[in-house]
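This report refers to the structure that appears directly beneath it.
A short reminder: the numbers here are calculations on the coordinates, not readings from a lab. What you are looking at is a predicted structure, and each value in this text was computed from that prediction instead of being measured. Glycine also receives a Cβ, built like all others from the backbone with ideal geometry; neighbour counts cover every protein chain displayed.
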Amino acid sequence: MGFKGVVFDLDGTLVNSIEDISDSMNLVLRDAGFEEYNYKTYETFIGNGIRSLVIKALPDSVTSESEIDLYFNKMLTVYAENCTNKTAPYDGILELLEKLVEKGIVLSVLSNKADALTKMAVKKKLPNIFSPVIGLTTEALKKPNPNTLLEICKTIGLNKDEVLFVGDTSVDIQTAKNAGMKVAAVTWGFRSKEDLLKESPDFLVDTPDALMDLL
């Protein structure tokens, strides 16, 4: 397709982090005496950043911003200590990345996970081949806001038409569309193929090998 760069989402796209995220949030909920959730439920909470996940996991009785801030900060602390315990690249991802590097394709990461945690996960679980690696620093820039994605294109010196965005949620698809960029949605992450098709991605891929075929 002539792409010279790829910007990847992180969770659900490059790495399976659901167990570390779920275990951490459940610890926060358990300590507060609140209901806990299973991994499948947490998959529906993921995609809009950790604060959004915390709000979805908290009981309806927690409504004030001060309370939400309290549990959000607790989650950040717990998750920072446990964010790479079980997290690992999906099958075939490391081989895909190796092939992309050999082909000379520029690779970057854009996540709605907190910036420090995004950088930590990439550093510990993936090869040192991504630049830049950017997570969430302010709610105003959270995906599907396209500004950071467009800034990455400028940083790597490529036109947005030369860069493919790859993600696993409707938020990722919307981000690329808002940026006027092509997007490949992967089906091995946290959303069903049916949910992804509703957003009309440019490409829908079931395996890392199929993604390689696009590039």
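See the values below:
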| quantity | calculated |
| --- | --- |
| Compactness index (Cα Rg / 2.2 N^0.38 Å), the stretch 1-87 | 1.21 |
| Net +/- balance of residues flanking Leu215 in space, Cβ distance below 15 Å, scoring K and R +1, D and E -1 | -4 |
| Under-5 Å amide H pairs with Val106, H placed in peptide plane, nonlocal only | Gly5, Val6 |
| Burial ordering of Phe203, Phe45, Phe165, fewest other beta-carbon atoms within 10 Å first | Phe203, Phe45, Phe165 |
| Viscosity 1.567 mPa s, temperature 4 °C, Stokes-Einstein D of the chain from Kirkwood C-alpha radius, µm²/s | 74 µm²/s |
| Average projected area [Cα convex hull, the stretch 106-215], square nanometres | 6.6 nm² |
| DSSP bridge orientation in the chain - percent antiparallel, rounded to nearest 5 | 10 percent |
| Over the stretch 44-172: Rg over Rh, Cα atoms, Kirkwood Rh | 1.00 |
| Computed E for Ser200/Val62 - FRET, C-beta separation, R0 45 angstrom, nearest 0.05 | 0.80 |
| Sorted by Cβ neighbour density within 10 Å, fewest at the top, the residues Arg51, Arg191, Arg30 | Arg30, Arg51, Arg191 |
| Total formal charge among the other residues, if their Cβ is under 12 angstrom from that of Pro146, Lys/Arg +1 and Asp/Glu -1 | +2 |
| Intensity falloff of the stretch 118-171 expressed as log10 I(q)/I(0), Debye formula with alpha-carbon point scatterers, at q = 0.26 Å⁻¹ | -1.28 |
| The stretch 18-82, relative contact order [Cα under 8 Å, separation at least 6], % | 43 percent |
| Positive minus negative residues near Thr63 (Lys, Arg vs Asp, Glu; Cβ under 14 Å) | -3 |
| Förster radius 22 Å - calculated FRET efficiency between Asp69 and Arg30, Cβ distance, rounded to 0.05 | 0.65 |
| Mean projection area, nm², convex hull over Cα of the stretch 74-119 | 4.0 nm² |
| Proxy reagent accessibility, fewest Cβ within 10 Å first, across Ile93, Ile156 | Ile156, Ile93 |
| Degrees, to the nearest 10: 18-32 long Cα axis against longest axis of the chain | 20 degrees |
| Residues in the stretch 80-107 reached by a label modelled at Thr155 [backbone nitrogen below 12 Å; 7 Å Cα→Cβ] | 107 |
